[in-house]
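Quick note: the coordinates plus some simple rules give every number you see, no bench work behind them. Model, not experiment: these values are computed from the prediction. With ideal geometry, Cβ positions are generated from the backbone for all residues, glycine too; neighbour counts draw on all protein chains shown.
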Amino acid sequence: MTKCVMGPGTGLGVCGIVPYETEKGIKYKVCPGEGGHSSFPGVNEESRKFYDFMRLQISNFYQIFLELLIQDLNHIIKWH
């Protein structure tokens with residue numbers, strides 16, 4: 001099962017999720033951290049096209065920060 005914890009705000013909160021066993025089964029502990037401003041990398045052809053699309057949508061930013069993508073999912077919906 002995939003687990004995800006996100007904390008968008010002025011930066012992007014990041015954390016680790018650590019599984020551990022109990023008598024009732026596997027539980028998860030969230031270990032908070034701070035990621036600061038994390039950039040969307042655009043590492044392959046498809047993600048680079050998405051990066052270019054987002055640059056047009058958010059034209060006042062040189063970098064596309066992950067917290068911007070998370071906060072404004074309407075742009076991601078337009079991409080599809």
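Legend: ranking of residues Leu69, Leu56 from fewest to most surrounding C-beta atoms inside 10 Å; resulting order Leu56, Leu69.
Once the Cα-Cα distance is subtracted from the 0.36 nm per residue extended length, the Phe53 to Ser38 segment shows a gain of 3.6 nm.
What FRET efficiency comes out for the pair Val30/Gln63, r = Cβ-Cβ distance, R0 = 25 Å, nearest 0.05? Rounded to the nearest 0.05, the efficiency is 0.35.
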